[in-house]
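Chemist: Below you will find the structure I want to go over with you.
The values are calculated or read from the model by the stated rules, or taken from the named source; none is laboratory data. Predicted, not measured: the structure shown is a model, and the values here were computed from it. Because the Cβ atoms are built from the backbone with ideal geometry, glycine has one as well, and the counts that use them run over all protein chains shown.
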Amino acid sequence: MAGCTVLILSTSFGAGHVRAAEALKEACRGLDPDGRVEIVDFLRTFNRYLSRVAEEAYYAMTKHTPRMYKFFYEVESKSAARLVRVETRLGRGMLLRILEEIQPDCVISTHFLPAGVLDRLGERVKVPQGVVLTDYESHPLWLYPGVDAYFVAHSGMRKELVAAGVQPERIHVTGIPIKAEFGAVRDREEVWRRLLTRHDLPLVLVASGGRGIGPLLEVLEALDQVEVPVQAAVVAGRNPVMVRRLRDFARGLRVPTQVLGFVENLHEWMSIAELMIGKAGGLSVSEAIAAHLPMVIVRPTPGQEEGNTNYLTWHGAAVHVPDLADLGAALNLLLSTPERLADMRRAAARIARPTAAREVVQTMLRLVRRRIPPGEESSAL
């Protein structure tokens, strides 16, 4: 059988869904060099203006009114069937045109919206459909009868999906897809010398996500109270205003601090850090545990990030500090207790799934091979 054509559907509601899609694309290229991979940002392709408005509304709500976001999250979990009927009316004609143009052998969705639209096309879609859940708890909006394979982060989610009526053979515990570089072994000393000017102080990494969201100034203020000598690096994402504010603020700190914008080598920064402080997006925490990096989680977004936080803290890979007033003391305790950090590293290693992307792609390619008799070409429609 010639190389497969894989269509990956995502959306830009949070950077994690797109990062998962990119990780799957990387895995496809490694496993099927002769194949073709296409990523489609579903909502941006459907209507760029609507996508921008929806993205800004999402970020504004999670930043300024997280309780409202949690309200909608919980409402959707209770009345998902009705909401799905409304949400998945968008873009059916456009998706049909995409399928006709690309003619994929299989489709993988990393967001529930395109997965739902695809499911509404029913029997017109004749190729295997996979859905990747990008958090550590499930939600009814991700569940559709036409899905051939669900990919979940851990065995507890498998039980949740079975309880929701999904056939067990359709559920695969793979972890959340991340790029291979986060789990790769590298020369830590070489990375340390290249990225840092101070080689005598342990590094605390402060990460904000792609939009520079989170209490970054408050985190640096708390870090400056730590009695243990450390240095800090802040990754503030694509938020030039926040980068400028942080750099101005860092000049008055006792702790040596580098302030960075968006970086392509986050995996390298993770590899040399002793501890990471940040929010609890599904991709972010998956990347951190793949790097065996202990986390301190602050202000998780109500809803899915609370589930992610609960999973990591339950397994001992992270500490949640609910009140920022307590962050300085918590950091001081952790950084002055090397054996606690070592335990957290070991806990992260136990639950890490750095090969998740490969496992997802391998499963989808097996489904393709089962459906296509030797010598025959596939057709998505």
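Chemist: In segment 196-208, is there at least one residue being of a type in the set (Gly, Ala, Ser), crowded, with 21+ Cβ neighbours inside 10 Å and either outside the structural domain of Ala236 (by TED's automatic domain parsing) or out of contact with any Phe, Trp or Tyr (no Cβ under 8 Å at 6 or more places or on another chain) (or both)?
Modeler: Checking segment 196-208: at least one residue is of a type in the set (Gly, Ala, Ser), crowded, with 21+ Cβ neighbours inside 10 Å and either outside the structural domain of Ala236 (by TED's automatic domain parsing) or out of contact with any Phe, Trp or Tyr (no Cβ under 8 Å at 6 or more places or on another chain) (or both).
Chemist: Take Ala222 and tell me if it is touching a residue at least 40 places away in the same chain (Cβ under 8 Å), assigned by TED's automatic domain parsing to the domain that holds Met270 and small (Gly, Ala, Ser).
Modeler: yes
Residue by residue, here is whether (1) surrounded by fewer than 20 Cβ atoms within 10 Å (Cβ to Cβ); (2) in a helix (DSSP H, G or I); (3) charged (D, E, K, R) holds:
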{"position": "Glu306", "(1), (2), (3)": "yes, yes, yes"}
{"position": "Gly316", "(1), (2), (3)": "yes, no, no"}
{"position": "Ala325", "(1), (2), (3)": "yes, yes, no"}
{"position": "Leu334", "(1), (2), (3)": "no, yes, no"}
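Chemist: Let me ask something additional. With the structure loaded, tell me whether Arg299 is modelled with pLDDT under 95 and either out of contact with any helix residue (DSSP H, G or I) (no Cβ under 6 Å at 6 or more places or on another chain) or aliphatic (A, V, I, L, M) (or both) or whether it fails that test.
Modeler: yes
Chemist: Pull up segment 302-317, narrow it to residues that are at pLDDT 95 or above and in contact with a helix residue (DSSP H, G or I) (Cβ under 7 Å, 6 or more places away or on another chain), then point me to the one that is nearest to Ser208 (Cα to Cα).
Modeler: Asn308
Chemist: Still on this structure, please answer the following. Taking only segment 120-175 into account, find how many residues are closer than 16 Å to Gly307 by Cα and not in a loop (DSSP other than H, G, I, E, B).
Modeler: 11
Chemist: Turning to a different aspect of this structure: Report, by residue number, each residue of segment 125-141 that is modelled with pLDDT of 90 or more and over 15 Å from the mean Cα position of the chain (by Cα).
Modeler: Passing the criteria: Val125, Lys126, Val127, Pro128, Gln129, Gly130.
Chemist: Here's something else I'd like to know. Look at segment 176-207 and say how many of its residues are within 20 Å of Ser284 (Cα to Cα), in contact (Cβ under 8 Å) with a residue 12 or more places away in the chain and not in a helix (DSSP H, G or I).
Modeler: 11
Chemist: Next up: Picking from Leu9, Leu90, Leu24, which residue would you name as being modelled with pLDDT under 90 and either within 19 Å of the chain's Cα centre (by Cα) or not assigned by TED's automatic domain parsing to the domain that holds Val263 (or both)?
Modeler: Only one candidate qualifies: Leu90.
Chemist: If I filter segment 22-44 down to residues being within 22 Å of Ala153 (Cα to Cα) and in contact with a Pro (Cβ under 8 Å, 6 or more places away or on another chain), which single residue comes out as surrounded by the fewest Cβ atoms within 10 Å (Cβ to Cβ)?
Modeler: Ala27
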